[in-house]
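What follows is one structure encoded as structure tokens, with my remarks underneath.
The values are calculated or read from the model by the stated rules, or taken from the named source; none is laboratory data. Just so you know, these numbers come straight off a predicted model, no measurement behind them. Cβ placement follows ideal geometry from the backbone for every residue including glycine, while neighbour counts extend to all protein chains displayed.
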Amino acid sequence: MSIGKAASALVPQLVRDLLERYRELLRFATVGGFTCLVDNGTWYGLKLTVMSGHPVKAKAVGIIVATIVSYFLNREWSFSLRGGRKRHHEAVLFFAVSGLATALNLVPLYVSRYLFHLQVPEVDRLTQEIADFASGSVVGTLVAMAFRWWALRKWVFPQEKARQGGSAPGSGGHVAHHDVRRADGAAARRQPATAQVGNGPRERRRPRRAGAAKAGARARARARRNARRRRRVKGRGR
């Protein structure tokens, strides 16, 4: 028994059922947590260094970087069985949805900074950083994640079980489809050859049977003619 199966056996059946039922949501939340770290790491790295005077722009850069990471993780893991669109359409829709989510993510931070004026010098530095984190990283992220979860399932990956078993990263589901078509083509090429091999002896036997049938028909016709001749000869003799 593998380690994964052994660990799974220790989990109660009810918990396993719940994990299986909400697998996509749990994976999506995991990816969201990871990309949140990417987002905040990029944001604070820029805000505290080269973009200290532009916190909203720094946040936008962090969100863009996290969105790129999110696309690959969500496509290949969270929604690995979903699909229904060509890869380029899927990517365009994903980044469009993520753009709207980015705008939603920035709204709470903008409100905190420029409507509530929770920034230096109106407040101290610690209050500003707490307000930034609460508005940009907590409220904004939760709002954006909720919107992204709904929009990705509705528009980007609309069909369930469209990629059974998933697909290789970057394949867009086309690798498996190409393999199926290639297998079908190989089977189609093999089929005539098999038919020829299987039907060859029959094809060779058919002329013999046809010749025997014709010879039998000629013999029966000859016998009937001979019988008629004998009857005529007997009739003349009488």
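Within region 115-130, is there a residue that is farther than 30 Å from L81 by Cβ, loosely packed, with under 15 Cβ neighbours inside 10 Å and of a type in the set (S, T, N, Q)? Yes - at least one qualifying residue is present in region 115-130.
Restricting attention to region 104-131, the residues that are in contact (Cβ under 8 Å) with a residue 24 or more places away in the chain and in contact with a Leu (Cβ under 8 Å, 6 or more places away or on another chain) total 1.
Counting only residues that are hydrophobic (A, V, I, L, M, F, W, C) and surrounded by 16 or more Cβ atoms within 10 Å (Cβ to Cβ), region 70-94 holds 5 of them.
If you take the residues in region 12-35 that are among the aliphatic types (A, V, I, L, M) and loosely packed, with under 12 Cβ neighbours inside 10 Å, which one is modelled with the lowest pLDDT? Before the answer, list the steps.
Within region 12-35, the subset among the aliphatic types (A, V, I, L, M) is 14-15, 18-19, 25-26, 29, 31.
Within this subset, residues satisfying the condition of being loosely packed, with under 12 Cβ neighbours inside 10 Å are 14-15.
Working: L14: 78, V15: 75.
Per the stated criteria, the residue is V15.
Inclusion of W77 among residues that are within 17 Å of A144 (Cβ to Cβ) and either in the same structural domain as L142 (by TED's automatic domain parsing) or not in a loop (DSSP other than H, G, I, E, B) (or both) is not warranted. If you go through region 134-154 and keep only what is surrounded by fewer than 15 Cβ atoms within 10 Å (Cβ to Cβ) and of a type in the set (F, W, Y), you end up with just W150.
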